[in-house]
Amino acid sequence: MTEESPLVFPCRFPIKVMGPADETFEAEIVAIFRRHAPDLGEAAVSRRPSRTGQYVGLTVVVEARSREQLDALYCELTAHPRVSMCL
């Protein structure tokens, strides 16, 4: 049985990722996104530090081409040991 997606592809799809606010976290996360969405531009990534500055929230808007692409991206992001949350 094939599960239909409520999304119509291609579409712009924002994904939020939270993790430690250090020099390498953002680069690691953007590299994961680029493996799944090679055309990701710099303007697609926005960052917001936590109130205490210990964490950073990244919002990345991808041009999603399929449900499988998004599923694979979420799987890799949630498996990353430094990702605290992914929405």
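Model label sites at GLU28 and THR59, defined 7 Å from Cα along the beta-carbon direction, differ in position by 2.4 nm. Under the simplified labelling scheme, the ARG67-HIS80 pair shows an inter-label distance of 2.5 nm, with each label point 7 Å from Cα along Cα→Cβ. Near the amide H of TYR55, within less than 5 Å, lie the amide hydrogens of ALA21, SER50, all on another chain or at least 5 residues away, with H placed in the peptide plane. When the helix-only estimate is applied to the chain (DSSP H runs of n ≥ 4, each -39,500 (n - 2.57), divided by the residue count), what is the mean residue ellipticity at 222 nm, nearest 500 deg cm²/dmol? So the helix-based figure for the chain works out to -9000 deg cm²/dmol. Structural descriptor for the chain: relative contact order 44 percent, calculated from alpha carbon pairs under 8 angstrom and at least 6 residues apart.
Start at zero, step by 5 Å, and the Cα-Cα distances of region 22-86 spread as 3, 16, 29, 27, 16, 6, 2, 0 percent across the bins.
I'm a student and want to see the number: the projected area of the Cα convex hull of region 1-47, averaged over all directions, in nm². Walk me through the intermediate numbers first.
Working: hull surface 18.9 nm².
The directionally averaged projection comes out at 4.7 nm².
Taking the longest Cα principal axis of the chain as reference, the axis of helix 67-79 is set at about 30 degrees.
Could you work out the longest stretch of the chain that avoids the GluC sites (Glu not before Pro) located in DSSP loops with at most 14 other Cβ atoms within 10 Å?
Details: sites that count: GLU3, GLU4, GLU23.
Maximal segment without exposed cleavage sites: 24-87.
Size of the dipole of the chain about the Cα centre, Lys and Arg at +1 and Asp and Glu at -1 on the beta carbon, nothing else charged, in debye to 20?
Values: 10 positive and 12 negative charges, 60 e Å.
The calculation lands at about 280 debye.
Bear in mind these aren't lab numbers, they're just calculated from the coordinates by the rules spelled out. Nothing here was measured: the structure is a model prediction, and the numbers come from that model. Glycine also receives a Cβ, built like all others from the backbone with ideal geometry; neighbour counts cover every protein chain displayed.
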